[in-house]
């Protein structure tokens with residue numbers, strides 16, 4: 001403390017709901033100069049975070065003095081992170097020396113131990129981009145780095161929610177479409193369903209749409225991909241729900257590079273509050289990447305042994321690849337099918353160490369009618385209790401505790417992808 005003026009209120013909130021909205025970093029170079037093992041470890045963990053995938057990060061020891069020496073005869077990176085455990089005079093002196101060797105446009109983040117708002121203001125005046133008080137958390141570092149490359153007036157980053165079936169035919173697409181309907185309707189938030197099953201996708205059928213264009217036109221034309229193109233490819237289903245439909249044809253193969261959808265996801269995240277990814281049950285580089293990069297993962301499974309094995313494999317992989325994110329959500333679907341031996345819900349959940357976000361009963365008449373009519377469950381049976389289960393899933397994956405309707409949404413109208421100057 002210094003003069004009782006702390007900057008705790010100026011530091012990023014570390015609540016899970018906010019952290020889930022951290023924007024991925026662009027392709028930038030970052031070099032960190034640490035003085036303590038704890039901060040070095042936090043930087044190493046931040047470098048491994050999924051949002052930092054495109055950034056090139058180098059972590060070394062030596063603090064601010066090492067940074068000054070490193071750049072006397074070499075160019076500086078996009079971002080320099082320096083840690084200092086000294087007082088105000090030591091920190092200011094080191095920054096003055098660093099300024100003499102720092103290239104124009106390089107951003108600087110300082111990690112110190114003096115919790116003083118007056119020091120914070122002085123550092124900002126000297127051109128420091130952010131000041132964090134040690135000890136720092138991994139996601140605090142990631143968010144601070146991410147914020148450096150976001151415009152001050154930019155809208156919050158949209159949340160991507162990936163649904164995948166533990167096995168084919170378990171109803172993952174049906175669940176994802178109905179959850180998207182709940183988000184768009186109950187929360188009055190612009191929502192996009194992106195049908196990633198390009199060969200056999202059913203989102204167009206479920207939402208009673210047959211657009212001439214869709215997601216394939218975006219993925220097969222990366223050189224033309226921008227917000228305006230995606231805007232033209234969206235099909236409006238309701239005031240707040242739009243669809244990027246799959247072609248659902250077999251005229252061509254859909255073998256993509258693992259990052260083929262990255263540009264599309266970036267555009268959607270920058271313009272739409274919620275993006276529901278209907279991920280096909282298959283294991284390719286780009287489906288794996290869709291799951292790893294999503295803010296929320298929902299695994300839909302039926303209660304049998306094959307589903308249990310596959311769900312566990314997906315959960316183990318994503319937990320290992322996403323250590324700073326919430327674990328996948330589990331939805332048990334088609335529970336109680338007559339004459340089918342089933343694993344009990346409690347045993348299924350215990351084996352995966354995850355409590356189901358919803359347990360949906362097998363109701364072939366209800367779901368079959370909705371599918372054949374191209375309708376959501378809420379449209380044909382608004383009072384059915386399964387709608388509340390879809391709403392529970394929607395609350396979970398959007399981070400909302402209730403369904404109170406907001407009169408003013410993130411966008412004043414449903415021009416999902418605004419034209420940028």
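The values are calculated or read from the model by the stated rules, or taken from the named source; none is laboratory data. Quantities reported herein were computed from a predicted structural model and do not represent experimental measurements. In this analysis, Cβ positions are derived from the backbone assuming ideal geometry, glycine residues included, and neighbour counts consider all displayed protein chains.
Some observations on this one:
- In the stretch 398-419 there is at least one residue matching the filter, namely being under 29 Å from the mean Cα position of the chain (by Cα), assigned to a helix (DSSP H, G or I) and at pLDDT below 95.
- Some residue of the stretch 141-159 being buried (at least 16 other Cβ atoms within 10 Å of the Cβ), in contact with a strand residue (DSSP E or B) (Cβ under 9 Å, 6 or more places away or on another chain) and closer than 30 Å to residue 309 by Cβ: yes
- Checked against (1) free of Cβ contacts under 8 Å to residues at least 40 places away in the same chain; (2) part of a loop (DSSP other than H, G, I, E, B), residue 326 passes all but condition (1).
- Checked against the criterion of being outside any helix (DSSP H, G or I), in the same structural domain as residue 207 (by TED's automatic domain parsing), within 26 Å of residue 137 (Cβ to Cβ) and in contact with a strand residue (DSSP E or B) (Cβ under 9 Å, 6 or more places away or on another chain), the candidates 355, 342 yield just one match: 355.
- The residue list 226, 197 contains one member that is closer than 17 Å to residue 160 by Cα, under 24 Å from the mean Cα position of the chain (by Cα) and either without any contact (Cβ under 8 Å) to a residue 60 or more places away in the chain or buried (at least 17 other Cβ atoms within 10 Å of the Cβ) (or both), which is 197.
- Looking across the stretch 75-101, the residues that are in a loop (DSSP other than H, G, I, E, B) and touching a strand residue (DSSP E or B) at 6+ places or on another chain (Cβ under 7 Å) come down to 77, 78, 84.
- Residue check for residue 233: touching a strand residue (DSSP E or B) at 6+ places or on another chain (Cβ under 7 Å) and within 18 Å of residue 176 (Cα to Cα): no
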